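Notes for the one structure printed next.
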Amino acid sequence: MTRTEKRKTEQLQIRVTVQEKELIQARAARAGCDVSKWILLQLLPTAEQAFQQVCKELADNPHSRSHTLAQLNDLLTGLSSRNFDIALQYPPTSKLHDFESAYVAAMIEQAAWVREINPPAWTVRVKGVDQPWFASSLFSLRLHLLLSSPPPFRRRNLFVDSTIGDRV
């Protein structure tokens, strides 16, 4: 056992309904964890585990993409510069589709730019999407999006507006 590992000697019990237990078990299984590990990740996530969990959610549930990307934005915003480097030193272990992979890398590079630090080296290798993607279907906004998209997004053929609360 290394110095940073701690021996688990305590047990904590909680009361849940049958439905809550089934939901917890299903989510733990989907995350590839046992129930105890999954609950600990939810309650006490390390920065890297939290990043990988958000990416796994993005890979597993593309229908909730905007919600999951908002979670990633919140995670990136809340990281200190030191934790930013630690949390994002490795690329996502989950297989992301091209769009999600490009968007995640762009978000990370943009967050690094805001902090005035270098982004993780792996983000540079993430390619963009083949067809331009616009955050709005309104043709009247496309010129604005073309001009206002942050460079990490433009470079990947993603056109977003970062002027409203800087959430892209």
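Reachable lysines from Lys56, Cα under 23 Å, same-chain residues fewer than 8 places away excluded?
Lys21, Lys37, Lys95, Lys127
Can you classify the range 1-92 as rounded, prolate or oblate using the Cα gyration tensor, where a ≥ b ≥ c are the square roots of its eigenvalues, rounded means a/c under 1.5, and otherwise it's prolate if a/b beats b/c and oblate if not?
Since a/c reaches 1.5 but b/c is at least a/b, the shape of the range 1-92 is classed as oblate.
Residues with amide H under 5 Å of His97's amide H, sequence separation 5 or more or different chain, H placed in the peptide plane at 1.01 Å from N; which?
HN-HN under 5 Å from His97: empty list.
Mind jotting down the distance between the C-alpha centroids of the range 22-63 and the range 97-168, whole Å?
26
May I ask for the longest run of the chain untouched by GluC sites (Glu not before Pro) that are loop-located per DSSP and have at most 14 neighbouring C-beta atoms (other than their own) within 10 Å?
Counting only loop sites that pass the neighbour cut-off, the longest clear stretch is 11-115.
Probe radius 1.4 Å, ligands and nucleic acids ignored: give me the carbon and sulfur share of the accessible area of the range 20-121 as a rounded percent.
Its accessible area is 53 percent carbon and sulfur atoms.
Out of these labelled values of Cα Rg over 2.2 N^0.38 Å, [x] 1.00; [y] 1.19; [z] 1.29, which was calculated from the coordinates shown here?
Read-out taken from this structure: [y].
Provide the per residue accessible area, probe 1.4 Å, for the chain, rounded to a whole number of square angstrom.
Result: 68 Å² of accessible area for each residue.
The values are calculated or read from the model by the stated rules, or taken from the named source; none is laboratory data. Note that the structure is a prediction, hence the values are computed from the model and not measured. Ideal geometry is used to build each Cβ from the backbone, glycine not excepted, and the neighbour counts take in all protein chains shown. The accessibility values were calculated without ligands, DNA or RNA, using every heavy atom of the protein model including side chains. Shrake-Rupley method; radii C 1.70, N 1.55, O 1.52, S 1.80 Å.
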